[in-house]
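Here's the structure, in C-alpha cells; my notes come after.
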Protein chains: 2
Amino acid sequence: MIQFDNLSQEAPYLVFKDKYNQSLKANQKAIEAICISSYSSKKKEVNGRYVNLKFVNGRKFIFFSNYKSPKSQEFTQHNQITASLYWSKTDTQIRMKAYIEQTSSEFNKNYFAKRDKKKNALAISSHQSSPITSYEALQKNYELSLLETNLTECPEYWGGYSFTPYYFEFWEGHESRLNKRETYELNKGKWIHGFLQA
Amino acid sequence: MIQFDNLSQEAPYLVFKDKYNQSLKANQKAIEAICISSYSSKKKEVNGRYVNLKFVNGRKFIFFSNYKSPKSQEFTQHNQITASLYWSKTDTQIRMKAYIEQTSSEFNKNYFAKRDKKKNALAISSHQSSPITSYEALQKNYELSLLETNLTECPEYWGGYSFTPYYFEFWEGHESRLNKRETYELNKGKWIHGFLQA
C-alpha cells in the first residue's frame, strides 16, 4: 500500500491516483514495488532495483534506504532517476522521470520511531548491499541488534528519498498490442499532455 | 512465457531458470515483464521501461523493439544496461547488469515471419514512442497497415536486442525483512559467488 498525503491536484497526480485505485481494487499484489533506474557517473554504469514506495506527499514520491548503499551513492553522483512500475492486474505501466533528494532528518526520525521494531533492528544492523560471508552471518548481526540496540532511534545512515517527477507516462496494455500511451511533461511550470505511438 | 534455447549451464543461468520455473508454477502473471534501465549520454538522462523478455538463448536474453525508438538511441549511446524483474508470487527479484546489442537481421527476419500478423501490422505502422495527435490516429494507421502491407516482411527498423549479463543478483524476500541476496559476478571469465546484506 502507498499512503497519499495532501496529494497534488495537478492532472498527472490525479491520473496516478486513479490508476492506483483501480489496481488496488483488482487486488494487485506488491502494489508499492517500483523499479528505480539510476546512474553512477564514476563507474559510467546504469543500475536498477525495486524499492517499496511508501508515501506520495504533495508532489513527492517517498521510499526509504540506507544512505550508504550503492543507490545512495548513485543518487549523489547523478540526481536524476526514472521510476517505473507495472501492475499486471490492470496491465498498467507508469514511468516517471524525476529529480531525487534525501528527506529531512526530522521526517526520518518521526517515521523511524513509528516503524516496526524488528524492521528497525535490521535497518540499524545491516550495511545494506555490502558483501557478507553468508546469510547466517546476516542473521547473527540482526539477532544481536534486536537484543542490544535502542530500536526507536533513527541512525544517521538511514532515511527517506523523495523524487519529484518532471515527466509521466501512463501506458495501458491492449490485447491487440495497440497500447494506449499518454504523457505529461512539465514545461515552464505547466504540464503538457500528449500521446505516444504504441 | 520466456522460451529457453540451449541455456548456458553456468551457475547463475541455472539459478535463473530454477526461479523462473518456481514462479511459473505459482502462476505468476506477466512473468516475461522486465524493466530495462538505460542511459542517454547526450541528454545525461537515465531512463527505464518494461519490455517482454522473449528468449534466453545460450547466455543471451532477447526482447524486441523498434530500432528508432528512444531506448534504441540510448543503447547506441551507452551499451550497458541493467535489467530488473520482480515476481510477486514468489517474492523474487532478479537484477542483471549487462551489455546490449542488436540481434542479427537474419534472426529478426525469421522471427518476424512466424509472428502474429496483427502484431506485425503494428510493428510496421507504428513509429514507436513518437508523438501522435490522438489514440484514434494510432488506430487509423494500424488499420491501414493491416490492409495494405506485406505482413511477414520484417522492416529494417524493427528487431531484437540481446543482452549478456556480467552481474546477477537474486533477491528473495522474507517476512522478517531479512531478505536473502546472492550475487554472481563475472571476473576473468569466472563467476564469483557472494552474499549481500539485506
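The values are calculated or read from the model by the stated rules, or taken from the named source; none is laboratory data. Worth saying up front: this structure is predicted, and the values here are computed from it rather than measured. Every residue, glycine among them, receives a Cβ derived from its backbone with ideal geometry; neighbour counts consider all protein chains shown.
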Exercise. Would you pick out the residues in the stretch A:149-194 that are free of Cβ contacts under 8 Å to residues at least 40 places away in the same chain and among the hydrophobic types (A, V, I, L, M, F, W, C)?
Worked result: A:Leu151, A:Leu178, A:Leu186, A:Ile192
For this session: Sort out which residues of the stretch A:80-105 are assigned to a strand (DSSP E or B) and among the hydroxyl-bearing types (Ser, Thr, Tyr), and write them in order of number.
Result: A:Thr82, A:Ser84, A:Tyr86, A:Thr92, A:Tyr99
Exercise. Going by the conditions given, is A:Thr133 facing chain B (nearest Cβ under 9 Å), free of Cβ contacts under 8 Å to residues at least 12 places away in the same chain and of a type in the set (Ser, Thr, Tyr)?
Worked result: yes
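Looking only at residues that are buried (at least 16 other Cβ atoms within 10 Å of the Cβ), at the interface with chain B (Cβ under 9 Å from one of its Cβ atoms) and not hydroxyl-bearing (Ser, Thr, Tyr) in the stretch A:32-65, which one is nearest to B:Gln197 (Cα to Cα)?
Step one: list which residues in the stretch A:32-65 are buried (at least 16 other Cβ atoms within 10 Å of the Cβ), which gives A:32-40, A:45-51, A:53-57, A:59-65.
Right, trim to at the interface with chain B (Cβ under 9 Å from one of its Cβ atoms) and you get A:33, A:35-39, A:45-50.
From the residues that got through so far, the ones that are not hydroxyl-bearing (Ser, Thr, Tyr) too are A:33, A:35-36, A:45-49.
Values: A:Ala33: 20, A:Cys35: 19, A:Ile36: 19, A:Glu45: 21, A:Val46: 21, A:Asn47: 18, A:Gly48: 17, A:Arg49: 15 Å.
The selected residue is A:Arg49.
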Exercise. Out of curiosity, is B:Tyr184 closer than 25 Å to A:Ser126 by Cα, more than 10 Å from every other protein chain (Cβ to nearest Cβ) and among the aromatic types (Phe, Trp, Tyr)?
Worked result: yes
Exercise. Would it be correct to say that A:Lys97 is modelled with pLDDT of 95 or more, under 30 Å from B:Ile31 (Cα atoms) and surrounded by 14 or more Cβ atoms within 10 Å (Cβ to Cβ)?
Worked result: yes
For this session: Scan the stretch A:152-198 for residues that are under 17 Å from B:Thr133 (Cα atoms) and in a loop (DSSP other than H, G, I, E, B) and report the count.
Result: 4
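Is one or more of the residues making up the stretch B:9-30 part of a strand (DSSP E or B), touching a residue at least 24 places away in the same chain (Cβ under 8 Å) and over 21 Å from A:Ser40 (Cα atoms)? Talk me through it step by step, then tell me what you get.
Going through the stretch B:9-30, the residues part of a strand (DSSP E or B) turn out to be none.
No, the stretch B:9-30 contains no residue that is part of a strand (DSSP E or B), touching a residue at least 24 places away in the same chain (Cβ under 8 Å) and over 21 Å from A:Ser40 (Cα atoms).
Across the stretch B:67-92, which residue is farthest from the other protein chains (Cβ to nearest Cβ) among those that are farther than 30 Å from B:Lys180 by Cα and under 13 Å from the mean Cα position of the chain (by Cα)? If you could, list the steps in order and put the result at the bottom.
Kept after step one, since they are farther than 30 Å from B:Lys180 by Cα, are these residues of the stretch B:67-92: B:67-78.
From what's left, under 13 Å from the mean Cα position of the chain (by Cα): B:71-72, B:75.
Details: B:Lys71: 11, B:Ser72: 14, B:Phe75: 11 Å.
Within the stretch B:67-92, the match that is farthest from the other protein chains (Cβ to nearest Cβ) is B:Ser72.
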